[in-house]
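Notes follow the structure.
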Amino acid sequence: MIDFQHPNYVNSIQQWQLIDDICEAKNLKQYIVKINSHDGSQSAQQRRDQFFKRSVFYAIAGYTAQGFLGKAFSEPPKCTVPDSLDYVRYDIDGAGVSIYQQAQEVFKDVVRIGRAGLLIDFPTVDGDVSRQDMVDNQTVATVTRFSADQIVNWQVRKIGSKVKPVLIVLKSTENELHYDGFGFDVIDIYIELRLDEDGYYQREWRKHDLTGEHYIHSESTPVDSKGQRLTMIPFVFVGSEANTSRVDFAPMYDLSKINVGHFNNSAIYEDSVFVVGQVQPWMSGLSGDTLNDLRKNGQFIGSGTLMGVPSGEKFDFAQAKPNSLAKEAMTDKVQMMIGLGAMFLSPNGAAKTATQVDGELMAQHSVLSLISSNVSEAYNQALGYVKLFMGDDNEEATLLINRQFVKPNASAQDITAMVASFLQGALPISDLLNWQKLHGLVDKDKTLEDYSEEIGIQDSMADLDEEI
């Protein structure tokens, strides 16, 4: 059946859902421990509702993921495409989403759950139409993002010397308008991407309203710019480790799980503050007559009113000790999340040197660098498929996302030593320029020719044909 789910998908979907819920701060009630779960009374349900309402959710995982996204896109990605593909800069999916915006969404998917996908599609064209006419008429190849929960099934097979996907099933939705043209129903659709002996074809499946069975709603056979059927499925998997069909680890899972524990600790802490946090006055040895006399004489607590008590009786205030256990558990989890990459300040933390900070960040930045590389490579492959449809085979089409997150710090002594090595002939000018770019001392886009001219070096002293 078209709605069959791959076993690895079934094993991962709950994990992905937890990460999305925690990062988006939604469906939080289902992650609060159900106190007195055996009690089904209305009063117990009200108690559980109040327990949840008093809780405070700290969106640490969500802000951390957003911070990682900000680091990767702190510098605009570099997109290089031929003129006929220039439309991808501002509308890559046919819905007005630019390649930069879509790349951010894909990066966020991979940072959170370690998986995403890109489908390259091309509308059927009748007759002999030039590629420029297609661009002018907005009949162009598009790249559509699919999240991990939409990639429900896949199969791969070794064909010749390469392992290729031969089946990918994507789940999506579509709005079906009512007869009045205003209301609509959201219906599920399945997109089957299939590769057989004859080549690639695509089917769209929908469910019949009466029988409930799925049927083929449409079928198409995309061809390249030369009118040939494709010998591969134009779909790109994006992962946190490798861009393959394998389900990679979810980078934000551990952090999200600890965030859930922190959320429950906060619920316990806030509930105890509400229930026993107020000071409770008490008196011992009271008789009924004494209590009536106090009420009759209008005795009050506070406001400068002196309350007298009969001989032998006691008046005092009771106050619960701080719930240090819940508070300590919250603090411990904050430290765990910092260790896992939560990028927020700890006011009472000890001062650290730049070298210490860089060392602690290297592990998480290596993960981010790998994700940046994977997303960049996925778009390079996707743009290659777009070129295959559009016919610009000889021109470059790439997207490069920043992957340098830990910026080295160059001291005055380092700069002096590097310049001295250059002047003594031990360091080529190209290496000097690369080193200065790495440390942010010169513009990253500056060419070797411009740099040589600025510092007055003759062409004979450098290989100006060398690419940086």
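The values are calculated or read from the model by the stated rules, or taken from the named source; none is laboratory data. Remember, predicted model here, so these are calculated numbers, not experimental data. When we count neighbours, we look across all protein chains shown, and the Cβ atoms used for this are built from the backbone with ideal geometry, even at glycine. Please note that ligands, DNA and RNA were not included when accessible areas were found on the heavy atoms of the full protein model with its side chains. Shrake-Rupley method; radii C 1.70, N 1.55, O 1.52, S 1.80 Å.
Points to keep in mind about this one:
- With θ taken as phi - 60° and the Karplus curve 6.51 cos²θ - 1.76 cosθ + 1.60 applied, the whole-hertz 3J(HN,Hα) list for segment 207-221 is 9, 6, 4, 8, 7, x, 8, 7, 9, 7, 7, 7, 8, 8, 10 Hz, x standing for glycine and proline.
- Cut-off under 5 Å, modelled amide H: who pairs with His6 long-range: Asn153, Trp154
- Neighbour net charge for Ile2 - beta-carbon separation under 14 angstrom, K R +1, D E -1: -1
- What a 1.4 Å probe finds exposed on segment 192-277 is 49% carbon and sulfur by accessible area, rounded to a whole percent.
- Inter-label distance, Glu313 to Leu167: 8.4 nm, where each label sits 7 Å from its Cα along the C-beta direction.
- Accessible solvent surface per residue of segment 163-238, calculated while the other protein chains remain in place, 1.4 angstrom probe, Å²: 59 Å²
- Dipole magnitude of segment 149-247, debye to nearest 20 (Cβ charges: Lys/Arg +1, Asp/Glu -1, about Cα centre): 780 debye
- Residue pairs, from the table Lys162/Lys387; Lys387/Lys437; Lys29/Lys257, whose Cα atoms sit over 24 Å apart: Lys387/Lys437
- Each peptide in 59-71, 39-51, 442-454 was scored by the mean count of other Cβ atoms within 10 Å over its residues; highest first, the order is 59-71, 442-454, 39-51.
- Cβ crowding within 10 Å averaged over residues, with 166-178, 96-108, 233-245 ranked highest first: 233-245, 96-108, 166-178
- In this structure, Gln413 and Arg246 have a Cβ-Cβ separation that, at R0 = 60 Å, corresponds to a calculated FRET efficiency of about 0.80.
- Dipole magnitude (debye, nearest 20) for segment 1-135, charges at Cβ of Lys, Arg, Asp, Glu: 1240 debye
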